[in-house]
Amino acid sequence: MSAGTDSPLFPGKFFISTVLEALETKSTMAGALGRRYLMRAAMAGIIIGLLYGAHYGVIAAFDQVTVGDGTLYQLGRLVAAVTFGWALVFIYYSRSELLTSNMMIVTIGAYHRRTTWGRALRLLGLCYVGNFVGGLLVALLVRFSTLAEGATLAQMVASVEHKLGFVTDGPTGWADLVVRAVLCNFCINLAMLLVYNGLIKDDLTKSLVMIVAVFIFAFLGLEHSVANTVLFTIVGLQEGIDVGLAAGNVGLALIGNFVGGGLLIGLYYAYVNDDSRWLRNNPPAS
């Protein structure tokens with residue numbers, strides 16, 4: 001990809017250059033500063049754990065409010081989704097490392113031959129381990145506290161049962177889970193595209209973009225591999241969990257997340273903003 005500013009024909013060149021710069025930093029950290037990279041990834045897992053816990057706490061609180069013959073459960077889902085939406089904002093501005101947004105970054109880097117798929121998978125694997133460690137820390141703290149008890153824990157357990165149900169339902173459930181995972185990371189990385197493309201200058205709009213993206217996935221019940229991992233860990237330490245089914249859910253979510261973020265956003269925008277063949281066939285006038 002040639003250097004330079006965006007053009008009418010290839011308006012995303014700034015976005016691609018920003019992503020490639022981010023990839024170089026991440027690859028260096030994951031290599032020479034591997035321990036510190038794990039710590040950055042662990043912080044993202046901690047943030048996911050805290051905000052996802054708050055998400056279920058908000059739903060539980062609204063569900064306890066009786067109105068007529070029902071409760072405020074649906075309103076609680078709306079407020080909870082907005083609450084969880086701040087997770088991506090906290091991760092971005094704390095410069096933490098989240099697996100699902102890195103799927104887009106390494107795919108663009110592989111397309112432009114700034115990294116190999118081996119190095120890309122190593123970075124993603126290291127990031128996932130860090131995300132899991134951070135989530136495990138939150139799960140351990142919750143296990144020895146009263147943070148997840150009563151109605152909040154009931155909401156978490158019900159969510160886990162629903163998510164594991166995709167796996168036990170066979171191919172139909174697997175397809176449903178993968179589709180939800182594709183759309184989930186499409187939303188997440190669409191937000192990161194808008195944040196990285198240089199058109200949004202103020203932090204408020206960037207934050208709103210990220211909040212809306214996570215709101216969509218949380219409210220619609222889309223599947224996020226890292227959030228699911230953290231939720232399964234919290235509930236598993238509290239109530240126990242079928243590890244095989246949980247692993248199946250996460251595995252399918254990882255595939256869907258990569259398609260949604262890595263291919264539908266990363267590969268798609270890497271290709272449509274690649275002007276190398278155009279310049280070879282249409283050299284600029286001297």
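The values are calculated or read from the model by the stated rules, or taken from the named source; none is laboratory data. Please read all numbers here as calculations on a predicted model, not as lab measurements. Because the Cβ atoms are built from the backbone with ideal geometry, glycine has one as well, and the counts that use them run over all protein chains shown. What goes into the accessible areas is simple: the full protein's heavy atoms, side chains included, and nothing from ligands, DNA or RNA. Shrake-Rupley method; radii C 1.70, N 1.55, O 1.52, S 1.80 Å.
Candidates L38, L75, L88: the one that is surrounded by 22 or more Cβ atoms within 10 Å (Cβ to Cβ) and part of a helix (DSSP H, G or I) is L88. Scanning the range 101-146 for residues that are surrounded by 18 or more Cβ atoms within 10 Å (Cβ to Cβ), under 14 Å from A227 (Cα atoms) and not polar (S, T, N, Q) returns C127, Y128, G130, F132, G134, G135, L136, V138, A139.
Being within 26 Å of D63 (Cα to Cα) and open to solvent by 30 Å² or more (accessible area, probe 1.4 Å), is that true of even one residue in the range 169-178? Within the range 169-178 (the criterion being within 26 Å of D63 (Cα to Cα) and open to solvent by 30 Å² or more (accessible area, probe 1.4 Å)), the answer is no, since none of the residues qualifies.
Restricting attention to the range 16-26, the residues that are over 19 Å from the mean Cα position of the chain (by Cα) and buried (at least 20 other Cβ atoms within 10 Å of the Cβ) total 1. Annotation: of all residues in the range 147-168 being within 20 Å of A247 (Cβ to Cβ) and β-branched (V, I, T), the one that is surrounded by the most Cβ atoms within 10 Å (Cβ to Cβ) is V160. Considering the range 229-242, and only residues there that are over 15 Å from Q155 (Cβ atoms) and not aliphatic (A, V, I, L, M), the residue that is surrounded by the fewest Cβ atoms within 10 Å (Cβ to Cβ) turns out to be G240. Would you please name the residue that is surrounded by the most Cβ atoms within 10 Å (Cβ to Cβ), looking only at residues in the range 91-100 that are assigned to a helix (DSSP H, G or I) and among the hydrophobic types (A, V, I, L, M, F, W, C)? Result: L99. Taking the range 216-227 as the range and being out of contact with any Leu (no Cβ under 7 Å at 6 or more places or on another chain) and either open to solvent by less than 50 Å² (accessible area, probe 1.4 Å) or modelled with pLDDT under 95 (or both) as the test, the residues that pass are F217, A218, G221, H224, A227. As a summary of the residue check, I59 satisfies the conditions (1) in a loop (DSSP other than H, G, I, E, B); (2) within 19 Å of V160 (Cα to Cα) except for the one numbered (1).
Taken over the range 53-71, residues that are without any contact (Cβ under 8 Å) to a residue 60 or more places away in the chain and either open to solvent by 60 Å² or more (accessible area, probe 1.4 Å) or in contact with a Gly (Cβ under 8 Å, 6 or more places away or on another chain) (or both) amount to 8.
Just one of the numbered conditions (1) aromatic (F, W, Y); (2) under 17 Å from the mean Cα position of the chain (by Cα); (3) farther than 16 Å from G45 by Cβ is not true of F144: (2). Listed here are the helices (runs of 4 or more DSSP H) enclosed by the range 130-223 that have at least 3 residues being without any contact (Cβ under 8 Å) to a residue 24 or more places away in the chain, touching a helix residue (DSSP H, G or I) at 6+ places or on another chain (Cβ under 6 Å) and closer than 28 Å to G34 by Cα, and there are none.
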